[in-house]
Amino acid sequence: MSTAMLAAPFQAEFDANSQEFSFAGVIRPRSVDEIAHSISMFRNAIEEARGVLYINVKRLAQMNNTAFHAFSRVVLDACRTRSDIRFVVVTSSVVGWTERMFRHLGKIEPQITVEVYDSKFYPGQSFVEDTSFIPILRTQTKMTWRHERKILPRHGMRPGIVMADICCGIGDFAVLVRKEFQPARIVALDHSKASLAYARDVAKNFGISDIEYSYGDASEMLLEDNQFDLVTCRHSLQIFNQPDLLLKELYRICKPGGRVYITNEKNSHCLGEPRAQSIQWTYNEVAKLFSHFEMDVELGPKSRRYLADAGFDDILVESFMVTNHDGDPQDFADVITAWENVYAGEMAVKRGDPAEFIERFRQGFRDHIFAALHPKGYAGWPIWAASGRKPL
């Protein structure tokens, strides 16, 4: 485990409102006496709880057998003396050993179940984590970078900073930042192992060895508080069904006085000419389709509200339009083709849309491609860039 992923010292706390007892950090006592206070807290929480007590181990980086057996004994004893209580251990695939370890308790005692938190948190991730989508993600970054390299300095990017790129995807943005702005340190984190493997290859191909790529759940990161001057999270809030939770984590790891930078879209504002009406209809339907899978590709203009609600100040919001005139129009057409394949070819089918709808849906993408490649045509894809400062 890299130093970037080392968690804070051991913490245990009980939230009576949600009946959740949380463990975080590293629990490696030499004897049970060292954690006696936490065990006492745990017993008190069980006595207070009614119905279901959630045991949150999503940020538990390490736990030795001494600690595991001590806390397990408390749970098992409670199961045998109280038939009215049930325990749900909430783990994360990022710290997979917790699921394996605590799953054993469920086999011993039917009042104990284990839930993998992030398997439910990302309802649409399978569509955007497919490795076949990787080449087009690189093309998208190439198109947006022409704008972002000019925008980023206004949002806190400068040489020598310590930064994190959360939901880094295939890692090309982190590589471009490393080459252009020379930050002192970059931690790049993502929830897709396939994307991270690709990211490491991209960095290697560019001769870059100092980007710290890490596997992690953006809503429950094993990163310490207050450590980054700039935290970036691009095109990601819009595909999480609870973006406020993700922003809470971005806020936590950002230093006081540092900034969090986000980009998001408003897909219904994608446009093209000629054949504007067909294009407009299709992208309105794209927004509805994503909403069905609990994702909000209309989030862009909402960025200021989200940042303010998360506690940021000095909020800066700007937008830019990626067009078929940003370099090779074929790049734009290739991106639209990929959108059509995923949105009409997978998502609409999974939603159960009839063939007539899907054909009309596809036609709007084809008309957008026509506009992008037409010698007198115009095709646009709007993006909102926003950042907020964490108060001192």
What is the Cα radius of gyration of segment 138-193 over 2.2 N^0.38 Å, N being its residue count?
1.09
How many times 2.2 N^0.38 Å is the alpha carbon radius of gyration of segment 11-117?
0.97
Under the rule of -39500 (n - 2.57) per DSSP H run of 4 or more residues, summed and divided by the residues of the chain, what mean residue ellipticity at 222 nm is obtained, to the nearest 500 deg cm²/dmol?
-13000 deg cm²/dmol
For the chain, what is the per residue volume of the convex hull drawn over the alpha-carbon atoms, in cubic angstrom?
151
Relative contact order computed over segment 125-390 (Cα-Cα under 8 Å; 6+ residues apart), in percent
21
Does a label point 7 Å from the Cα of GLN11, set along Cα-to-beta-carbon, have any residues of segment 176-219 with amide nitrogen under 17 Å, and which are they?
217-219
Mean-square fluctuation maximum in Gaussian network of the chain, Cα pairs under 10 Å, restricted to LEU189, LEU237, LEU137, hits LEU137
Residue separation times 0.36 nm, minus the C-alpha to C-alpha distance between ILE358 and ASP77: what's the value?
95.5 nm
At R0 = 41 Å, FRET efficiency that the Cβ-Cβ distance of LEU392 and MET41 yields, to 0.05
0.80
Can you give me the accessible area per residue for segment 125-390, using a 1.4 Å probe, in Å²?
39
Which is farthest toward the positive dipole end of the chain among ASN64, LEU105, GLN277, measuring Cα position about the Cα centre, with Cβ charges +1 (Lys, Arg) and -1 (Asp, Glu)?
ASN64
Within segment 26-50, whose backbone N sits under 20 Å from a point 7 Å along Cα→Cβ of ASP84?
42-50
What number comes out for accessible area per residue over segment 11-117 if the probe is 1.4 Å? Units Å², please.
50
Segment 137-271: equivalent-ellipsoid semi-axes (sqrt of 5 x gyration tensor eigenvalues, Cα, Å):
19, 19, 16
Can you give me the long-range amide H partners of GLY257? Hydrogens built in the peptide plane at 1.01 Å from N, cutoff under 5 Å, separation of 5 or more residues or another chain.
LYS390, LEU392
Candidates MET157, MET143, MET101, ranked by Gaussian network fluctuation over the chain, Cα under 10 Å, top entry:
MET101
Which of LYS204/LYS248; LYS179/LYS390; LYS204/LYS350; LYS255/LYS288 exceed 30 Å between C-alpha atoms? The answer is LYS204/LYS248; LYS204/LYS350; LYS255/LYS288
Hey, got the dipole for the chain? About the Cα centre, +1 on K and R Cβ, -1 on D and E Cβ, debye to the nearest 20?
460
Roughly to the nearest percent, how much of the accessible area of the chain is carbon and sulfur, given a 1.4 Å probe?
50
Please report the relative contact order for segment 162-247, taking Cα pairs under 8 Å with a sequence separation of at least 6, and give it as a percent rounded to a whole number.
37
Hey, got the dipole for segment 173-235? About the Cα centre, +1 on K and R Cβ, -1 on D and E Cβ, debye to the nearest 20?
380
Exposure rule at most 11 other beta-carbon atoms within 10 Å, DSSP loop trypsin sites (Lys or Arg not before Pro): the chain longest free segment
51-375
Taking R0 as 25 Å and r as the Cβ-Cβ distance between ARG185 and ASN226, the FRET efficiency 1/(1 + (r/R0)^6), rounded to the nearest 0.05, comes to 0.95
How big is Rg to Rh over segment 305-392, alpha-carbon atoms, Rh as the Kirkwood inverse-mean-distance radius?
1.16
Distance from the Cα centre of segment 241-276 to that of segment 11-69, in angstrom?
34
Mind grabbing the base-10 log of I(q)/I(0) for segment 336-383 at q = 0.23, 0.29, 0.32, 0.33 Å⁻¹? Debye formula, identical points on the C-alpha positions, no solvent, two decimal places.
-0.81, -1.02, -1.12, -1.15
Work out how much length VAL317 to ARG50 would gain on full extension: take 0.36 nm times their residue separation and subtract the Cα-Cα distance, in nm to one decimal.
91.6 nm
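The values are calculated or read from the model by the stated rules, or taken from the named source; none is laboratory data. Not measured: the values here are computed from a predicted model. We place every Cβ from the backbone using ideal geometry, glycine too, and count neighbours over all the protein chains shown. What goes into the accessible areas is simple: the full protein's heavy atoms, side chains included, and nothing from ligands, DNA or RNA. Shrake-Rupley method; radii C 1.70, N 1.55, O 1.52, S 1.80 Å.
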